[in-house]
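Novice: Dumping the structure here so I can ask a few things about it.
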Amino acid sequence: MKIKNTTTRRKFLNQLAGSLPALGILPLILHSRTSYSQTSNPLKIGIIGSGRIGGSVGLRWAEAGHEIFFSSRNPDQLEDLVAAGGPKCQAGFPQQAAEFGEVILVAVPYAATPQIGRDYGQLMQGKIVIDCGNPYVQRDGEMAEEALRRGTGVASAEYLPGVRLVRAFNALSWREVQNEAHREGELIAIPLAGDDQEAVAVATQLVIDSGFDPVAVGGLDRAREFDQGTDVYVKGMTAREMRAALNL
């Protein structure tokens with residue numbers, strides 16, 4: 001769907017307001033076509049879980065020029081998200097996203113992560129997988145308590161074996177993705193961790209493309225330093241502040 005002028009486009013977006021309140025996506029969509037620098041290395045990115053954070057980050061990547069495959073168990077509900085993202089976006093089922101992506105963003109409730117590994121792990125073998133799920137004991141039960149005890153980077157690596165895993169995009173809110181990307185002055189920092197240096201480099205560029213400032217923390221064992229509940233989790237820190245807080 002092409003929207004030919006600003007007035008028509010805004011009318012279209014206003015019509016979406018009733019269809020996306022749960023996702024909270026509309027405020028981002030209203031600002032999503034701002035002219036930002038286009039990536040010099042467009043990637044095919046599959047998103048497994050296209051809710052608040054998956055949808056928000058996916059739209060930021062789309063405006064940077066990446067090809068995005070949003071997915072959910074009910075892809076017919078993603079039509080408005082795809083329309084907002086533009087011609088390089090499409091939607092389907094998680095299996096299709098896992099097949100499509102050179103890079104995969106896993107953005108599901110953390111308790112679903114083991115099932116993602118079982119269902120789609122073979123399709124993601126050797127691919128860069130960015131995991132942004134956060135374990136919450138009150139929602140995810142005992143497995144969340146165990147993941148936080150061990151560190152989510154270590155736990156996720158076991159749930160998603162054989163992928164080039166990076167922990168990133170978990171320590172900021174979807175509202176910050178909507179409202180603070182590409183802001184003036186010092187950008188909000190996004191910490192990331194991984195054992196595969198090439199994967200970390202790609203994820204670092206994707207953080208930049210989304211409008212934030214990457215802070216490489218170390219290997220997956222250090223991802224626990226920005227797990228939910230830590231001093232840097234969803235604090236809106238700049239890179240300078242985050243490096244100081246993490247003694248980097």
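The values are calculated or read from the model by the stated rules, or taken from the named source; none is laboratory data. All values derive from a computational prediction rather than experimental measurement. In this analysis, Cβ positions are derived from the backbone assuming ideal geometry, glycine residues included, and neighbour counts consider all displayed protein chains.
Novice: Only one of (1) β-branched (Val, Ile, Thr); (2) crowded, with 22+ Cβ neighbours inside 10 Å; (3) modelled with pLDDT of 85 or more; (4) within 18 Å of Ala181 (Cβ to Cβ) is not met by Ile104, so which one is it?
Specialist: Condition (4) is where Ile104 drops out.
Novice: Here's another thing I want to ask about it. Identify the residue in segment 128-157 that is crowded, with 16+ Cβ neighbours inside 10 Å and of a type in the set (Asp, Glu) and, among all such residues, is nearest to the chain's Cα centre (by Cα).
Specialist: Top of the filtered list is Asp131.
Novice: Sticking with this one: Quick one: count up the residues across segment 158-203 that are out of contact with any Gly (no Cβ under 8 Å at 6 or more places or on another chain), closer than 20 Å to Gly49 by Cα and surrounded by fewer than 24 Cβ atoms within 10 Å (Cβ to Cβ).
Specialist: Looking only at that region, the number is 2.
Novice: Under 8 Å between Cβ atoms, which residue pairs at least 6 apart in sequence (or on different chains) link something in segment 144-155 that is of a type in the set (Ser, Thr, Tyr) with a partner that is surrounded by 14 or more Cβ atoms within 10 Å (Cβ to Cβ) and part of a helix (DSSP H, G or I)?
Specialist: Sorted first by the residue in segment 144-155, then by its partner, the pairs are Thr152/Tyr110; Thr152/Ala223; Thr152/Arg224.
Novice: One residue is enough: does segment 152-170 have a residue meeting the conditions assigned to a loop (DSSP other than H, G, I, E, B) and in contact with a Pro (Cβ under 7 Å, 6 or more places away or on another chain)? Even if it seems obvious, please write down each step before you answer.
Specialist: The initial filter retains those residues of segment 152-170 that are assigned to a loop (DSSP other than H, G, I, E, B), namely 160-163, 168-170.
Among the residues that remain, those that are also in contact with a Pro (Cβ under 7 Å, 6 or more places away or on another chain) are: none.
Checked segment 152-170: no residue is assigned to a loop (DSSP other than H, G, I, E, B) and in contact with a Pro (Cβ under 7 Å, 6 or more places away or on another chain).
Novice: Sticking with this structure for a sec: Does Ala112 satisfy being surrounded by 18 or more Cβ atoms within 10 Å (Cβ to Cβ), on the phi < 0 side of the Ramachandran plot and either among the charged types (D, E, K, R) or assigned to a helix (DSSP H, G or I) (or both)?
Specialist: Working: surrounded by 18 or more Cβ atoms within 10 Å (Cβ to Cβ): no; on the phi < 0 side of the Ramachandran plot: yes; either among the charged types (D, E, K, R) or assigned to a helix (DSSP H, G or I) (or both): yes.
Spelling it out, it is not the case that Ala112 is surrounded by 18 or more Cβ atoms within 10 Å (Cβ to Cβ), on the phi < 0 side of the Ramachandran plot and either among the charged types (D, E, K, R) or assigned to a helix (DSSP H, G or I) (or both).
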